[in-house]
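Have a look at the structure below, then the notes.
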Amino acid sequence: MSALPAYATTGQRIWYYSFRVICGLIFFFLIAPIVVIIPLSFNAENFFTFTPEMLSLDPAGFSTKHYQDFFTSSDWQLALRNSLKIAPVATFLSVSLGTLAAIGLSQSHVPFRRAIMAILISPMIVPLIISATGMYFFYSNPYIPTPFGRIDLPFTLTGTYWGVVLAHAALGIPFVIITVTATLVGFDQSLTRAAANMGANPVTTFFRVQMPLILPGVVSGGLFAFITSFDEVVVVLFVGSAGQKTLPWQMFTGLREQISPTILAVATILIAVSVVLLIVVEMLRRRSERLRGLSPA
Amino acid sequence: MTLVLAADGRPLKASLNRALRRQKLRALMLIAPLLIFILVSFVMPIADMLFRSVENEIVVETLPRTVATLDGWDSESGQAPDEDVFTALYFDMVLATEYKTHTRLGSRLNYEMTGISSLFRKSGRGVGRFDTDTYTDAIQAADPAYADPAQWAAWMADDTVRAALPMTANTYDAWAAMIIETEEDVPAEEVPWNFVFTSLYLEVTEGAEPPVALDLSGVPLVSLRDQFADVDEDWLDPEVWQVVKIYSPEYTNGYFLNSVDRFKGAEGAEVRPENEQIYITLFIRTMIMSGSIMGMCVLLGYPIAWLLANLPARKANLLMILVLLPFWTSLLVRTSAWKVLLQQQGVINDTLVWYHSTWFGQLLDPVFMGLLNICYAFVNVITWVWNVINGIWGGTDGLYMDWAVAGFERLALINNQTGTIIAMTHILLPFMILPLFSVMKTIPISYLRAAKSLGATNWTAFWRVYFPQSVPGIGAGCILVFILSIGYYITPELVGGTKGVFISNRIAYHISSSLNWGLAAALGTILLVIVMGLYWMYDKIVGIDNVKLGG
C-alpha cells in the first residue's frame, strides 16, 4: 500500500489509518501469544500470569528457577536427549533420499511424474492422526504382502528408536522434495553437460557442480525436515514408547496432566531455536535467489 | 526416403529412443530408493489401516467349527441354536481357551453387544469343568487301549480310522497341534483330552466304526447346550448368536456402520438409538469448526496479505518476519501459550479484570458490554443455525459458545469450542497468509488505479477488479487451512475440553483407551477420504508442484 497521497479525501484518510490499526491488531494477535511467554517464563512464582512484583519490574519477581528445573530434571533432560538423537538421524535419511529423488524428478523425461510426486508429498497432506494410526498398526506387526498371503516379519518397530526415526523421516520427506525441486527449477542443466563435456564423471559432476548450487535448497529442506521431527508429537506418541519420549511429548503430557511453569521455560528456549532457524532459512533463501540470478525479494 | 544414421551406424531414431530410455531409467533409478522408502514407511501403514477397517477374521479364526455349523441356524427363529452348534462351540472354546484367544474375541464382539466379553471370559473358565469327562472314563473303562497315547497316535495316522471317524480325527489333529504349540509336549505321549473323547462318543453313538469295538449304549448323553447354559444363561439368548453370526464373515462393513451411528442388525444397517449417536455429530462439528477456523483465517489473513503485497519490499520483509515467526515456532509452544493465556486465571482474564477496575474501564464498560452483546447475538445466530442442521441429522450434542459463563468479568475461553477456534486460527493463520500473499504479489496495483481513473469508487475497484484476481489465493489458502484443521489432534486435545474436540481425538481415544482398533481405522478411513477429496481439489486449483514453504 503506497503512502497516502496529498489529495486523499477525509474518508480515505480515515480508512487508511483504520486499516493500519486493523493490521496492527492482527499482527499483535499473531505475535503477542509467543512474546508473552518469554517474560512469564522468568516468573518467580508458580503462576501463569504476571504477578504484581513483575508488573512493577521488581527484581524479586523474576527468577530463572524454571530454567534450572529444566536443566536439572531428569525427565526433561531425557526428553531433550531423545529429541536430539531422533531428529538428526531422521533428517539425514530424508535429506539424502529426498535430494536424490528430487534430482531424478527434475529430469525432463520422467514417466508417471505426477503420480510419483503425489505419493511423495502425501505424508504432508494426510492428517498426522491417520499416519500415526496406520504406523501404529503396521509397525507393531510389519509384514510383506504377496499375492499368496502375507509374510510376517519377525520383529516389531513400535516402541523402538528406529521405528520413530523411520516414521519421522517419512514425515520430513515432502519438505525436502518441495524445497529441492523448487531450487532445481532454476538450475541450468547445461552446466552438468558442460562438466561432462570436460571429462567429469556423474559423481564428480554431482558433488562439484550441482550440489554447491542447490545446497541452499537442500539445507532449508533439511531444516524443515529437522523441525518437523523435532516438533512432532502425534506419531511419536503412538509409535514410540516411554524410552523414546521426546521434548514435545513431555510438553504434551505436561500440558494435559499437571501444567508446570517449566513448560514456559522450555517454550522460551524453543522460541529462541525457531528464531535462529528462521534467520538461517531466510538467509539461505536470499542466497539461493542470488545464485540463481533472481532479484532478491 | 533416406534413413538418417547416427555416428555408430544405427538409425538415428532408434539411437534417440535408446538415449531417451536410458535417461528415463536413470531418473527412475534416482527416485526408486525414496519411493520404496515411502512405500514401506508410509503407504503400507495407510493401506494396513484401510485393510483393518473391514478386516474381521478373528471370529472365524477363533471359532471355525462354530461358524461353519452356525450356517444352518435360522436367526429369525427366536431360539438359540441346537446341540450341534454347541458341540462345535465346545471344541472351539477349549482350543481358544488354551491359545488364550477367547478373551480377544470376547472384547471384539463386546463392541457390538455389551456383555459378550464377560460371557466369553466366564465360559473360558467353565469349559474345562464340563461333565464330558464321563465320556473319557466310560470309553477308557470299555477298552484300555483308549487310554494309551501311542495307540491313539497310531490310529490317527491310519487312513481307514480317519475315514471312519472324521470328526474325531479333526479334533485330535487340533488337539495335537495345540499340545505341541502351547504345552510343548509330544502328542504321542499324552492321553487326548475330554473333547476328543466327546467327538469319539458322538460319532460312535451315531453308528461309526471305532478301531476297537466299543459298547457305549449305557453312557448317557451330556447336553453341551445345558452345560453352556449352566455357565451362563446368555448362551441361550438368540441375540448373542445373532451377533456371532453377523460378524462371522472375514470382512465386515460393521466398523463403517458404527462410525456413522448405525449398527449391523439382522436385516442390514439399523440406526442406533439416539443416546448412542455421536459420530455424525462429531463429523459435522469437526467440519463446522474447521469451516469457522477457515473463515477466521480469511478474515484476518486477507488484510495482512494485502498489506504485505503492497508495501515497499524492505518494510514488507520486516513485517513478514511477524508472520514467519509463528510459522516456525513449535506447535506445542503456541498451544501452551494459548493454554496459559486463555485460562480462567490467565493473562487475558487478568487484563480484563484490571481493565474493569480502572476509571476508563468503568467509563467504557457500557461500550464493551455492548460489543460483547453484539458478539453474543452473532454467536447465538450461528448456534441456532447449527442446531437446526443438527436437528435434521438427529444429533443431540449442540454447539454452544459459553462466552460469558463467569459473568463479564472472567470469560470461559478454554476447554470449549471458543478455545479451540482461537488457538487454531492463530496456528493456521500463516498457512492462509502465505499463499494469499504469493497470489497478491502477482496482481499489479495499477489495475486498481486504472479502475479508479475510469470512475470506479474505491469499493467497486476493489470488489470488481482486485478481489476476483485474488480468489485463487483465497481458494488455495482455504483448502490448505481446512485440510490441516480437520485432522488436528494436539490443539483440540489440550484446549478443547469435551465440547471442542475433533474426530481425530475420537480416533486417538479408540486406539489408546477403548482399544477398538477397527472402529478407529474406519473413522480414519472416512477422514482420509475427505482429506483426499480436498487434496484432489487443491491439486486441480493450485497444483501440488506449486506448494511453497515460507514465502
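The values are calculated or read from the model by the stated rules, or taken from the named source; none is laboratory data. Just so it is clear, the model here is predicted, and its values are computed rather than measured. Ideal geometry is used to build each Cβ from the backbone, glycine not excepted, and the neighbour counts take in all protein chains shown.
The table for this structure:
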read-out: Residue ID - nearest to the chain's Cα centre (by Cα), chosen from residues in segment B:427-473 that are among the small types (Gly, Ala, Ser) and assigned to a helix (DSSP H, G or I); value: B:Gly473
read-out: Among residues of segment B:207-265, those that are among the β-branched types (Val, Ile, Thr) and not in a loop (DSSP other than H, G, I, E, B), counted; value: 5
read-out: Residue among B:Ala19, B:Ala32 that is surrounded by fewer than 19 Cβ atoms within 10 Å (Cβ to Cβ), more than 30 Å from the chain's Cα centre (by Cα) and modelled with pLDDT of 90 or more; value: B:Ala32
read-out: Hits in segment B:144-169 (condition: farther than 23 Å from B:Val186 by Cα and either buried (at least 16 other Cβ atoms within 10 Å of the Cβ) or of a type in the set (D, E, K, R) (or both)); value: B:Ala164
read-out: Condition check for B:Arg52: loosely packed, with under 14 Cβ neighbours inside 10 Å and more than 30 Å from B:Trp193 (Cα to Cα); value: no
read-out: Answer residue from segment A:56-78, given it is among the acidic types (Asp, Glu) and within 27 Å of the chain's Cα centre (by Cα) and is nearest to A:Met251 (Cα to Cα) among those; value: A:Asp75
read-out: Unique match (being part of a helix (DSSP H, G or I), surrounded by 12 or more Cβ atoms within 10 Å (Cβ to Cβ) and more than 12 Å from every other protein chain (Cβ to nearest Cβ)) among A:Leu171, A:Leu166, A:Leu215, A:Leu223; value: A:Leu215
read-out: Sole exception among (1) at pLDDT 80 or above; (2) farther than 24 Å from A:Arg20 by Cα; (3) over 29 Å from the mean Cα position of the chain (by Cα) for B:Leu319, by number; value: (2)
read-out: Restricting segment A:145-159 to residues that are loosely packed, with under 12 Cβ neighbours inside 10 Å and assigned to a loop (DSSP other than H, G, I, E, B), the residue that is nearest to the chain's Cα centre (by Cα); value: A:Phe155
read-out: Failed item, numbered, when A:Ile130 is tested on (1) under 22 Å from the mean Cα position of the chain (by Cα); (2) free of Cβ contacts under 8 Å to residues at least 24 places away in the same chain; (3) surrounded by fewer than 22 Cβ atoms within 10 Å (Cβ to Cβ); value: (3)
read-out: Residues within segment B:306-322 that are facing chain A (nearest Cβ under 7 Å) and either under 30 Å from A:Thr253 (Cβ atoms) or crowded, with 24+ Cβ neighbours inside 10 Å (or both), tallied; value: 0
read-out: A:Arg208, sole failed condition from (1) in a helix (DSSP H, G or I); (2) free of Cβ contacts under 8 Å to residues at least 12 places away in the same chain; (3) surrounded by fewer than 17 Cβ atoms within 10 Å (Cβ to Cβ); value: (2)
read-out: The listed residue being part of a helix (DSSP H, G or I), on the phi < 0 side of the Ramachandran plot, hydrophobic (A, V, I, L, M, F, W, C) and at pLDDT below 85, out of A:Val275, A:Val281; value: A:Val281
read-out: Residues that are part of a helix (DSSP H, G or I) and either under 27 Å from B:Gly268 (Cβ atoms) or of a type in the set (Phe, Trp, Tyr) (or both), drawn from segment B:105-123; value: B:Leu105, B:Gly106, B:Ser107, B:Arg108, B:Leu109, B:Asn110, B:Ile116, B:Ser117, B:Leu119, B:Phe120
read-out: Filter pass, B:Ala7 being modelled with pLDDT under 90, assigned to a loop (DSSP other than H, G, I, E, B) and not aromatic (Phe, Trp, Tyr); value: yes
read-out: Sole residue being surrounded by fewer than 20 Cβ atoms within 10 Å (Cβ to Cβ), touching a helix residue (DSSP H, G or I) at 6+ places or on another chain (Cβ under 6 Å) and among the aromatic types (Phe, Trp, Tyr), chosen from B:Tyr466, B:Tyr538, B:Tyr509, B:Tyr489; value: B:Tyr466
read-out: Members of segment A:226-254 found to be more than 20 Å from B:Gly487 (Cα to Cα) and aliphatic (A, V, I, L, M), listed by number; value: A:Ala242, A:Leu247, A:Met251
read-out: Hits in segment A:133-144 (condition: under 16 Å from B:Ala522 (Cα atoms) and either under 24 Å from the mean Cα position of the chain (by Cα) or more than 8 Å from every other protein chain (Cβ to nearest Cβ) (or both)); value: A:Thr133, A:Gly134, A:Met135, A:Tyr136
read-out: Residue in segment A:112-126 that is within 7 Å of chain B (Cβ to nearest Cβ) and over 28 Å from the mean Cα position of the chain (by Cα) present; value: no
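Residue-wise test of (1) touching a residue at least 12 places away in the same chain (Cβ under 8 Å); (2) more than 30 Å from B:Val127 (Cα to Cα); (3) not assigned by TED's automatic domain parsing to the domain that holds B:Pro64.
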{"site": "B:Phe197", "(1), (2), (3)": "yes, no, yes"}
{"site": "B:Tyr201", "(1), (2), (3)": "yes, no, yes"}
{"site": "B:Glu233", "(1), (2), (3)": "no, no, no"}
{"site": "B:Leu257", "(1), (2), (3)": "yes, yes, yes"}
{"site": "B:Phe263", "(1), (2), (3)": "yes, yes, yes"}
{"site": "B:Arg272", "(1), (2), (3)": "no, yes, yes"}
{"site": "B:Thr286", "(1), (2), (3)": "yes, yes, yes"}
{"site": "B:Leu300", "(1), (2), (3)": "yes, yes, yes"}
{"site": "B:Pro303", "(1), (2), (3)": "no, yes, yes"}
